[in-house]
Amino acid sequence: MKQRNNRNRDSSGHWKWGMIYHNPDDPKVWIAKRYGWGWTLNMARPQSWAILALLVLALLALVPLTT
């Protein structure tokens, strides 16, 4: 089985503005943050955009409940 060269997640070339991870060669959707603790999405994966859309829709669904 061919191994992908995706282990270099700390490379500055994969981080936009130091916060957004974008690496199409990395199959993972959730990536450990570069600094501090927590997780971020690999925005090169279509699944990440779906997760982000669901989170935004969930937040928008809460707006009528708070007004």
Q) Pick from region 7-45 the residues that are outside any loop (DSSP other than H, G, I, E, B) and modelled with pLDDT under 90: which of them is surrounded by the most Cβ atoms within 10 Å (Cβ to Cβ)? A) 14
Q) Got at least one residue in region 50-67 being in a loop (DSSP other than H, G, I, E, B), in contact with a strand residue (DSSP E or B) (Cβ under 9 Å, 6 or more places away or on another chain), modelled with pLDDT of 85 or more and surrounded by 11 or more Cβ atoms within 10 Å (Cβ to Cβ)? A) no
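The values are calculated or read from the model by the stated rules, or taken from the named source; none is laboratory data. Please read these numbers as outputs of a predicted model, since none were measured by experiment. Cβ coordinates were reconstructed from backbone atoms using ideal geometry, including for glycine residues, and neighbour counts include every protein chain displayed.
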